[in-house]
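Participant: Here you go, one structure.
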Amino acid sequence: MGNTCIICHMMIIEGLKETCPNDHPVHGSCLMEWLIKSNTCPLCSEPYAPEVLLRFEDYVEQKNQEKINELKNQIKAEQMGEVNKVTDKVIFLKSMEKIEHLVENQEYNLALEKLDSLGDFPLTSYKGQQIFFLKGKINFFRERFDLAINQLFRLVKEKFDFPEGFLYLGKSYEALGLTDKAKWAYERAKY
């Protein structure tokens, strides 16, 4: 009966095996993969002889270099992801700045078009909250108080600590003569 490999437990043909100092048999191909992880026998933890390690040195170095390259590529991809996130935020903030400028110049319809062109973002996200706030603010300035209330109320319901949202909500309620609701909103608008 022949020996079995201590790594894969398959039969070993005599003459095609490697052994540790304690004579534990292993396939050469199994040992190549094992040496990537450890230079010691998987069964007894004795180090393999230098001549055994030397025979597989090129393969182990190649595999280790592949791992290093893979990690470098992974790190590079993660860094690019972070750069893309920052770039996306800068583009969004620049867009919001341009839209604020349109609002200051009373170009409300164009400002709303620009807001709509930014896309749909959930109200739970920073972008979604900023867009809802600006839409509510613009509708307040357009004297579309019903729309302003709808958008601003949804905003402050999601993000309770948005003082400017409460301020314009209060102003919209006040414009419609709803003084109790305006008072409620103004109380929450305090900075």
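Participant: Whole-Å semi-axes of segment 1-86's equivalent ellipsoid, largest first, each the root of 5 times a Cα gyration tensor eigenvalue?
Facilitator: Calculated on Cα positions only, the semi-axes equal 37, 13, 11 Å.
Participant: Can you tell me what percent of all Cα-Cα pairs in the chain are more than 23 Å apart?
Facilitator: More than 23 Å apart: 63 percent of the Cα pairs in the chain.
Participant: Then there's this: Over the residues of segment 122-191, compute the C-alpha Rg and express it relative to 2.2 N^0.38 Å.
Facilitator: Here the Cα radius of gyration is 0.98 times the empirical estimate.
Participant: To continue, here is another question. Given the pairs Lys89/Lys181; Lys127/Lys190; Lys94/Lys137; Lys85/Lys190; Lys98/Lys183; Lys72/Lys114, which are separated by over 28 angstrom at their Cα positions?
Facilitator: Too far apart for the 28 Å limit: Lys89/Lys181; Lys85/Lys190; Lys98/Lys183; Lys72/Lys114.
Participant: Still on this structure, I have one more. Which whole DSSP H helices in the chain pass both tests: a Cα extent of 30 Å or more along the axis and a mean Kyte-Doolittle value no lower than -1.0?
Facilitator: 50-104
Participant: Given the DSSP H assignment, sum -39500 (n - 2.57) over each helix run of at least 4 residues in the chain and divide by its residue total; what's the result at 222 nm in deg cm²/dmol, nearest 500?
Facilitator: Theoretical 222 nm ellipticity from helices: -23000 deg cm²/dmol.
Participant: Per the Kirkwood treatment, what hydrodynamic radius in Å, one decimal, follows for segment 56-121 from the mean inverse distance over all distinct Cα pairs?
Facilitator: The Cα-based Kirkwood calculation yields 15.4 Å.
Participant: Taking Cα centroids, how far is segment 171-191 from segment 29-59 in Å?
Facilitator: 76
A short reminder: the numbers here are calculations on the coordinates, not readings from a lab. Owing to the predicted nature of the structure, the values given are computational and were not obtained by experimental measurement.
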